[in-house]
Amino acid sequence: MNKLIISGQNKLYGKVEVMSAKNALLPLIASCVLLDFEVGFLNCPKLGDVVVMLDIIKSLGGKYRYDGDTLYVDCSSLYIPELPCELSKKIRASIFLLGPLIARFRRVSAVTPGGCNFGERPIDIHLDSLRQLGVEISGKENLYLRAEKLIGSRIRLPFPSVGVTENLIMASCLADGETVITNCAKEPEIVCLCNFLNKLGAKIVGAGTSKICVEGVKKLTKNFAYYKPITDRVEVGTYLLATLNTGGEVEINGANFLHNVSLIKKIYNNTCKLTFESDKIYLKCCGVGSSLGFIKTGPYPAFPTDLQSPILAYACSLSGKTIIEETVFKNRFSIIPELKKMNADITLQGSKAIVNGKGKLNGAILNANDLRSGAGLIISALGAEGVSEIIGLDIIERGYFDIDKKLRMLGANVTKG
Ligand code: EPU
């Protein structure tokens, strides 16, 4: 059962619920390494990548359990500062554990992380910035980290990396003195992590801006029962684009539109009606749009790279030319050969994809080569004429929970095969 079979052209109608964001949960779970008590996270789906992260925590001596959609993580008995090779190679987010592990144990052995394959994904900024907190690092594939103590520092990132910002925040929470991180990432997931740590007594200011200051504290303490992470803005974007591609009318519950402004600006035109409430987005389609013009991905608040494949898929079914430039992961275009199997007209010029929209695509047998290209293929298959098979459901389920069920509830003809 590792594929989705989609018979296209059913319009989507109804309500869909989004859950806590994968990219918020992964650093939150990593940050539990800093704690010697159990914490509960609400609204947590058992996503593929999240379960791998939890299994890593278990291999370090920690515990986790689910009670319905509430996830409990307990790192009080953590005792092994050694990241397991096989599990770490499965997810990029295993690198997020370096910061909290070095803060707790002062020594860590690790391997370079794996994750979705869209070209080279170096970890140089992670390692360089940890060095600036006083960490000695040796090895290449196998890494050994050691620190007498962590010392607050002023660190300017060469690129506003999400993971590096998170790693540094977690490491510097328990460092001696103040750490100031400039040119850092501003993603909502960073704000979510800082709010969580601050509730436990950390002293972090500036989350959501390009300068974050962390005043190290001796210990974090439990003073709340549950934490509710932000919901998944990429999941929201995926359902919006899927509906635009098929037509119909949906209500997305749990959606914070402020986290999706760059997408909303792109799709807001006279072919659809969008209305917003504090935790809902309503979308009503009333025609077929034309080109989306020029889209350039970038760090938040620019257009997210994680929605690049989904919007590229949607652009293929419009009637004009859309140009999409990828600036975060320059080779993140593994969806293009698959869309071409559906008769899409796309030319790749360096890090720019030029899409000549043709209206409806044809169903085909497709491969989900990475998580978000898999999501893009679902969007295309839902709007296409005929039947598509998307192989690699396990890759899609790394980041989308029950996507087949949710789409069926909206009226799509989707089955697992
Ligand atoms: N980079 C380096 N060196 C480093 C770290 C990053 O050169 O040491 C480069 C990367 O190669 C990339 C750029 O910096 O070109 C940005 O990478 P970033 O570190 O911001 O990405 P990340 O933290 O590894 C997170 C998300 C990704 C998302 C990116 C960008 C998680 C678990 N992952 O990755 O999510 O694409 O930020 O927004 O939070 C996904 O959900 O499908 C996904 C890949």
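The values are calculated or read from the model by the stated rules, or taken from the named source; none is laboratory data. Computed from a predicted structure; not experimentally measured. Backbone-built Cβ (ideal geometry, glycine too); neighbour counts: all protein chains shown. Ligands, DNA and RNA are stripped out before the accessible areas are found, and what is left, the full protein with its side chains, is counted by its heavy atoms. Shrake-Rupley method; radii C 1.70, N 1.55, O 1.52, S 1.80 Å.
Between residue 182 and residue 85, what FRET efficiency comes out of the Förster formula 1/(1 + (r/R0)^6) with R0 = 30 Å and r the beta carbon distance, rounded to 0.05? The partial results should precede the final answer.
Details: r = 34 Å, r/R0 = 1.14.
Taking R0 as 30 Å, the efficiency between residue 85 and residue 182 is 0.30.
Take the chain, connect every pair of alpha-carbon atoms lying under 10 Å apart with a spring to form a Gaussian network, then pick out the residue of 49, 306, 67 with the largest mean-square fluctuation.
In this elastic network of the chain, the residue with the biggest mean-square fluctuation among 49, 306, 67 is 67.
Show which aspartates and glutamates lie in cross-link reach of residue 330 when reach means a straight Cα distance below 16 angstrom and same-chain residues fewer than eight apart are skipped.
Output for residue 330: 120, 306, 370.
Specify the inter-centroid distance of segment 16-47 and segment 123-152, based on alpha-carbon positions, in whole Å.
One Cα centre to the other: 26 Å.
Given the options 229, 81, 122, state which has the largest fluctuation in a GNM of the chain using a 10 Å cut-off (strictly under) for Cα springs.
Most flexible of the set in this elastic network: 122.
Quickly work out the residue 70-to-residue 209 label distance, labels modelled 7 Å from Cα along the C-beta direction, and quote it in nm with one decimal.
Result for the modelled spin labels: 3.6 nm.
Carbon and sulfur atoms: what percent of the 1.4 Å accessible area of the chain do they account for? Could you put the intermediate results ahead of the total?
Values: 8010 of 16190 Å².
Whole-percent figure for carbon plus sulfur exposure: 49.
Of 124, 345, 232, which is the most mobile in a GNM of the chain whose springs link Cα atoms less than 10 angstrom apart?
Among 124, 345, 232, the largest GNM mean-square fluctuation belongs to 124.
Note the full-extension length gain between residue 288 and residue 124 as 0.36 nm times their separation in residues minus their Cα-Cα distance, in nm to one decimal.
On the way: separation 164, 0.36 × 164 = 59.04 nm, distance 4.46 nm.
Contour length minus Cα-Cα distance gives 54.6 nm.
Want the number for residue 144 to residue 409: 0.36 nm per residue separation, take away the alpha-carbon distance, what's left? The partial results should precede the final answer.
Values: separation 265, 0.36 × 265 = 95.40 nm, distance 4.86 nm.
Result for the pair: 90.5 nm of gain on full extension.
Wrap a convex hull around the Cα atoms of segment 58-194, take a quarter of its surface area, and give that in square nanometres. Walk me through the numbers on the way to the answer.
Details: hull surface 35.4 nm².
For the Cα atoms of segment 58-194, the hull's average projected area reads 8.8 nm².
Taking a cut-off of 27 Å, what percent of all Cα-Cα pairs in the chain are separated by more than that? Don't jump to the answer; show the numbers that get you there.
On the way: 43568 of 86736 pairs.
Of all Cα-Cα pairs in the chain, 50 percent lie more than 27 Å apart.
Summing -39500 (n - 2.57) over the DSSP H runs of n ≥ 4 in the chain and dividing by its residue number, what mean residue ellipticity at 222 nm do you reach, to the nearest 500 deg cm²/dmol? Don't skip to the answer; put the middle values down first.
On the way: 14 runs with 126 residues, N = 417.
Result for the chain, helices only: -8500 deg cm²/dmol.
Putting +1 on Lys and Arg Cβ atoms and -1 on Asp and Glu Cβ atoms, find which of 13, 26, 45 reaches farthest to the positive end of the dipole of segment 2-65.
Going by the Cα projections, it comes out as 13.
When the distances between all Cα atoms of segment 26-68 are binned every 5 Å from zero, what whole-number percent does each bin get?
In whole percents, the pair-distance histogram is 5, 20, 37, 28, 9, 0.
Tell me the net charge near residue 186. Cut-off is 14 Å between Cβ atoms, residue 186 excluded, with +1 for each Lys or Arg and -1 for each Asp or Glu.
-1
Within 12 Å, Cβ to Cβ, of residue 168, how many net charges do the neighbouring residues add up to if Lys/Arg are +1 and Asp/Glu are -1?
Taking every Cβ under 12 Å from that of residue 168, the sum is +1.
Can you pick out the pairs among 22/405; 90/266; 273/341; 199/405; 222/405; 140/199 whose Cα atoms lie more than 28 Å from each other?
On the way: 22/405 18 Å; 90/266 33 Å; 273/341 32 Å; 199/405 35 Å; 222/405 37 Å; 140/199 36 Å.
Pairs exceeding 28 Å: 90/266; 273/341; 199/405; 222/405; 140/199.
For the chain, what is the accessible area per residue in Å², given a 1.4 Å probe and the full set of protein chains?
Here the residues of the chain average 39 Å² of exposed surface.
Can you find, among 125, 137, 84, the residue sitting farthest towards the positive end of the charge dipole of segment 61-174, where Lys and Arg contribute +1 and Asp and Glu -1 at Cβ?
Among 125, 137, 84, the one farthest towards the positive end of the dipole of segment 61-174 is 137.
How much net charge surrounds residue 135 when only the other residues with a Cβ under 12 Å from the Cβ of residue 135 are counted, with Lys and Arg +1 and Asp and Glu -1?
Residues near residue 135 contribute +2 overall.
Give the whole-number value, in cubic angstrom per residue, of the convex hull volume spanned by the C-alpha atoms of segment 132-248.
156
Dipole magnitude of segment 1-142 about its Cα centre, charges +1 at Lys/Arg Cβ and -1 at Asp/Glu Cβ only, in debye to the nearest 20? Write out the running numbers ahead of the final one.
Working: 17 positive and 15 negative charges, 68 e Å.
Computed charge dipole of segment 1-142: roughly 320 debye.
Which Cα, out of 223, 252, 267, lies furthest along the positive dipole direction of segment 202-353 (beta carbon charges, K/R +1, D/E -1)?
Among 223, 252, 267, the one farthest towards the positive end of the dipole of segment 202-353 is 223.
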